[in-house]
Amino acid sequence: MKKTLTLTSALALIATGALAAQTDVTIGMQLEPPHLDPTSAAAGAIDQVLYSNVFEGLTRFGPDGTVNAGLAESWDISEDGTTYVFKLRTGVKFHDGTDFEATDVVFSLDRARAEDSTNAQKALFDGIESVEAVDANTVKITLNAPQGNFLFNMAWGDAVIVAPESIDDIKNNPVGTGAFTFADWKQGDSITIARNANYWGTAPALEEATFKFISDPTAAFGAMMAGDVDAFYGYPAPENLAQFEADPRFNVLSGSTEGETILAINNKLEPFNDVRVRKAVSMAIDRQAIIDGAMFGYGTPIGTHFAPHNPDYVDLTGNAPFDPAAAKALLAEAGYPDGFKTTLKLPPPSYARRGGEIIAAQLREIGIETEISNLEWAQWLEQAFRGYDFGLTIVSHTEPMDIGIYARPEYYFQYDNADLQSLIKKLGVESDPNKRTEMLQQAQTIISEDYVNGYLFQLALTSVVDAKLNGIWENAPTQAVDLTGVSWSE
Amino acid sequence: MRNIIVGLCLTMVFALAALVSLVWTPFDVTQLDISSKLQKPSATHWFGTDHFGRDILSMIMVGAQTSIAVAVVAVVIGMGFGVPLGLWAAAKRGSLLDEVIMRGNDLVFAFPSLLIAIMITAVFGPSAINAIIAIGIFNIPVFARLTRGAALSLWTRDYILSARVSGKGAARISVEHILPNVMNLLIVQGTIQFSLGILAEAALSYVGLGVQPPTPSWGRMLADSQTLISLAPHMALFPGFAIILTVLGLNLAGDGLRDLFDPRLRRVGR
């Protein structure tokens with residue numbers, strides 16, 4: 001092991017020496033993390049900077065979403081599927097020099113599932129009965145029931161391993177086991193990480209990486225064009241992408257995300273409590289026009305609340321084909337031959353603001369007049385999300401596997417269907433993968449055929465990358481900008 | 001004199017565009033045509049199309065209507081409240097009431113106009129009505145101060161004294177003798193405030209607090225064009241020029257009117 005390591009670093013040295021390739025990178029991002037503890041907050045920006053770079057878990061996601069070995073070298077699963085014995089890698093050190101041992105795993109998992117834990121994804125740890133350190137390099141985890149996706153759960157950024165020695169200051173000075181150590185945080189500007197010389201795995205090609213936070217789309221465009229940033233993760237203005245694509249200096253990566261963008265309908269509000277009216281709204285919408293007009297072609301049409309890249313997805317876009325004449329007939333049948341007036345409340349992202357103007361024009365065609373109000377997020381949360389004070393609104397639901405929200409009648413679009421509620425309940429305790437698939441597809445069909453919301457498109461993750469920079473993830477199986485495999489060519 | 005002609009001509013062009021747009025525009029501004037988005041200026045679309053395929057010339061015509069309507073009502077609000085307040089304060093000059101009115105005005109005046117507008121629209125929600133109210137409110141102290149200042153010097157005149165001797169009350173003197181004599185000043189100031197109103201409406205719409213879509217507004221057209229500026233510069237240029245030319249026209253007209261009405265100011269060379 002040691003021999004190969006020296007060999008690879010020697011090779012790396014030759015490579016850098018001979019070609020004098022660049023070894024630092026600056027990545028642009030729209031949002032800045034509120035603090036640097038991935039195990040105690042939901043903010044995606046924390047994981048984007050730290051996941052796999054600074055912190056590692058027992059298992060880890062690959063760029064294609066597969067689950068690979070992380071700090072655990074291998075594992076044994078008992079016959080009944082309730083006991084996992086993880087064999088940990090040896091010789092791993094935290095950035096502060098302390099050893100990584102089984103006790104750290106016990107500490108991290110106990111901390112995450114503790115009563116007072118603020119972990120944003122506590123459900124990941126729900127099935128854990130106990131975590132024990134068998135010896136310094138072996139951990140035994142007992143589950144209270146077999147769980148098909150336990151290794152997947154342990155790969156999340158919320159399940160990374162932290163050390164008790166450095167936990168107190170983790171929000172400002174994160175100490176992990178990853179290939180990069182945290183170096184500097186200029187609040188409001190950037191975070192810098194540097195290569196970890198004592199890394200247990202393959203040393204990264206980059207010596208230093210800076211994450212620069214640029215929230216304004218115009219500034220993002222300028223920074224990219226001027227070369228101030230080498231890549232922009234989640235580029236915020238799709239209208240500029242055609243320009244980047246035409247420019248040989250850049251590559252545009254377009255991947256999938258978990259963001260179902262929907263025209264949410266207030267199901268309790270008249271006239272939307274009539275399924276015919278909801279169906280008419282869905283059929284009045286030309287999804288492709290919205291994707292072209294609001295997202296400049298980036299996005300996949302959806303017909304239900306489920307990510308198209310998920311193997312359990314069913315294409316239900318045919319349930320609501322674009323057909324204004326049929327939509328108008330449905331409205332007449334429901335008792336609104338001349339249409340009606342309603343509100344359309346739009347949060348700040350451009351998919352909502354631009355998409356809203358297009359939808360308003362499309363609804364006007366069938367006689368529905370919408371009064372548009374552009375709201376800031378705080379106002380939107382207060383009025384629409386918590387106050388139920390809306391007719392229609394547009395929002396992207398970016399949480400993975402969130403079809404369960406349709407079983408919550410108090411959730412802002414107020415869909416109340418006992419059949420779906422009992423189905424989701426059964427799904428929660430079902431572990432047979434085939435049955436789960438069947439149930440998930442059934443749930444997708446129910447909400448699609450009930451026209452709960454207008455299903456628009458799956459948000460695309462678009463990144464602009466310098467053409468000479470290799471190894472940036474195209475898809476987002478989890479929110480991460482994994483730099484361990486990133487390098488400069490030439 | 002040349003100023004006033006150029007100014008009035010520019011203003012007339014936009015007023016005319018707004019009037020025509022009431023009955024006719026080259027294209028329907030609420031009709032989106034995504035497939036013909038971002039077209040360069042051409043014979044069909046003189047000013048090109050925007051990111052939704054709408055005709056920019058049509059949008060500027062209807063936008064002129066929005067701008068003018070907002071600015072006119074805002075000036076009327078400013079004059080409607082400001083002038084009576086100023087007359088009243090001047091009539092009761094030196095009294096507690098005068099102090100209260102004028103310090104109240106100072107209070108409103110102390111805030112930058114855009115800040116007041118943002119405060120109002122943040123509390124009551126963005127809409128055309130709230131934008132008008134917001135812009136109207138910051139016009140009030142402008143007219144109140146101007147009226148009081150001019151009225152104060154008039155109150156010392158002999159003809160006012162004779163009116164008082166003949167038994168007229170303060171209110172009647174204000175309306176019959178003071179107001180007609182400050183009218184020139186008010187008209188000049190009104191033109192200036194009108195141009196500022198157009199700017200303020202554009203600024204509010206630019207930050208998303210003015211008239212709401214789909215009603216076109218020059219400010220929002222600029223905001224929409226921001227990220228597209230390198231791809232479709234015409235989207236920013238035309239509404240930008242519309243704002244500049246209207247404001248320029250109104251300012252020239254205002255200056256010209258002032259010179260016309262008040263030759264003394266011209267000599268001072270302000």
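Against the definition (among the β-branched types (Val, Ile, Thr) and under 23 Å from the mean Cα position of the chain (by Cα)), how does A:THR118 come out, yes or no?
yes
Considering only the stretch A:208-234, how many residues are crowded, with 24+ Cβ neighbours inside 10 Å and within 11 Å of chain B (Cβ to nearest Cβ)?
2
I'd like to verify a number: residues in the stretch B:208-222 that are facing chain A (nearest Cβ under 10 Å), surrounded by fewer than 24 Cβ atoms within 10 Å (Cβ to Cβ) and out of contact with any strand residue (DSSP E or B) (no Cβ under 9 Å at 6 or more places or on another chain), how many?
So the count comes out to 1.
Can you name every residue in the stretch B:112-131 that is open to solvent by 40 Å² or more (accessible area, probe 1.4 Å) and over 18 Å from the mean Cα position of the chain (by Cα)?
B:MET119, B:ALA122, B:VAL123, B:PHE124
With the condition being free of Cβ contacts under 8 Å to residues at least 12 places away in the same chain and open to solvent by 20 Å² or more (accessible area, probe 1.4 Å), I'd like the helices (runs of 4 or more DSSP H) fully within the stretch A:259-360 carrying at least 1 qualifying residues.
A:287-295, A:324-333
Taking B:ARG54 as meeting all but one of (1) closer than 30 Å to B:PRO213 by Cα; (2) crowded, with 22+ Cβ neighbours inside 10 Å; (3) under 17 Å from the mean Cα position of the chain (by Cα), write down the number of the exception.
(3)
Which of the helices (runs of 4 or more DSSP H) contained wholly in the stretch B:58-176 include at least 3 residues that are within 14 Å of another protein chain (Cβ to nearest Cβ) and closer than 30 Å to B:ASP28 by Cα?
B:128-155
Collect the residues in the stretch A:166-207 that are over 18 Å from A:THR98 (Cβ atoms), buried (at least 20 other Cβ atoms within 10 Å of the Cβ) and among the hydrophobic types (A, V, I, L, M, F, W, C), keeping them in residue-number order.
A:TRP185, A:ILE191, A:ILE193, A:ALA205, A:LEU206
Given the conditions (1) under 22 Å from the mean Cα position of the chain (by Cα); (2) under 28 Å from A:ASN149 (Cβ atoms), which single one is not true for A:THR393?
The one condition A:THR393 does not meet is (2).
Please find, within the stretch B:86-106, the residue that is surrounded by the most Cβ atoms within 10 Å (Cβ to Cβ) out of those that are within 16 Å of B:LEU154 (Cα to Cα) and touching a residue at least 24 places away in the same chain (Cβ under 8 Å).
Taking the candidates together, the pick is B:GLY86.
Return only the number of the condition from (1) in contact with a helix residue (DSSP H, G or I) (Cβ under 9 Å, 6 or more places away or on another chain); (2) within 30 Å of A:PRO236 (Cα to Cα) that A:HIS309 does not satisfy.
Result: A:HIS309 fails condition (1) only.
Would you point out which residue out of A:GLU438, A:GLU371, A:GLU382 is within 14 Å of chain B (Cβ to nearest Cβ) and assigned to a helix (DSSP H, G or I)?
A:GLU382
Residues B:GLN31, B:GLN39: which one is within 11 Å of chain A (Cβ to nearest Cβ) and either of a type outside the set (Ser, Thr, Tyr) or surrounded by 19 or more Cβ atoms within 10 Å (Cβ to Cβ) (or both)?
B:GLN31
I want to confirm something. Restricting to the stretch A:79-125 and keeping residues that are without any contact (Cβ under 8 Å) to a residue 40 or more places away in the chain and farther than 20 Å from A:GLY157 by Cα, which single residue is most open to solvent (accessible area, probe 1.4 Å)?
A:GLU79
Restricting the stretch B:5-28 to residues that are away from chain A (no Cβ under 14 Å) and assigned to a loop (DSSP other than H, G, I, E, B), which is surrounded by the fewest Cβ atoms within 10 Å (Cβ to Cβ)?
Restricting to residues being away from chain A (no Cβ under 14 Å) and assigned to a loop (DSSP other than H, G, I, E, B), the top hit is B:TRP24.
Is it the case that the stretch B:236-248 has a residue that's within 14 Å of chain A (Cβ to nearest Cβ) and in a loop (DSSP other than H, G, I, E, B)?
Scanning the stretch B:236-248 turns up no residue that is within 14 Å of chain A (Cβ to nearest Cβ) and in a loop (DSSP other than H, G, I, E, B).
The values are calculated or read from the model by the stated rules, or taken from the named source; none is laboratory data. These figures come from a predicted structure and were not determined experimentally. Every residue, glycine among them, receives a Cβ derived from its backbone with ideal geometry; neighbour counts consider all protein chains shown. For the accessible areas, the whole protein counts, side chains as well, though only heavy atoms, and no ligand, DNA or RNA atoms are used. Shrake-Rupley method; radii C 1.70, N 1.55, O 1.52, S 1.80 Å.
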